[in-house]
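Okay, structure first, notes after.
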Amino acid sequence: MSAATKDERLALRLTSDQKATITAAADVLGRSVTDFAIQTTVERANEVLADQRVFHVPAARREEFERLLDAPVTPNRGLTELFAKPSVFKTR
């Protein structure tokens, strides 16, 4: 597997304490500051994004949620009227 071409840059301004902490952590792991910063930043970004897509629900609440999803659809006049209108997302 070939490595992706790194053709983007990310410039950061930080305090000397922040840089010292990052440098110390990279040293502990035997990594360069750049490699450490990229890895930890991407990992944290993925966590943040996953938090917006995945949510955990206690079993009792999940069962109630599934029951509501499986229940027959109740007609909703407002939605019926809305879906009868042309979509604003379709190109003309």
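The values are calculated or read from the model by the stated rules, or taken from the named source; none is laboratory data. This structure is a prediction, so every number in the text was calculated from the model and none was measured. Note that each Cβ is placed from the backbone with ideal geometry, even for glycine, and that neighbours are counted across all protein chains shown. In case anyone asks, the SASA skips ligands and DNA or RNA and just uses the protein heavy atoms, side chains included. Shrake-Rupley method; radii C 1.70, N 1.55, O 1.52, S 1.80 Å.
Computed quantities for the displayed model
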quantity	calculated
Residue-normalised accessible area of the chain, given per residue in Å² at a 1.4 Å probe	103 Å²
Inter-label distance, nm, simple model (7 Å from Cα along the C-beta direction), Thr41/Arg67	4.8 nm
Percent accessible area from carbon and sulfur atoms, the chain, protein chains only, probe 1.4 Å	58 percent
Area of Val54 that stays accessible when all protein chains are in place (1.4 Å probe, Å², to 10)	80 Å²
Spatial extent of region 1-57: Rg and Dmax, with the Cα atoms as the point set, Å	14.5, 42
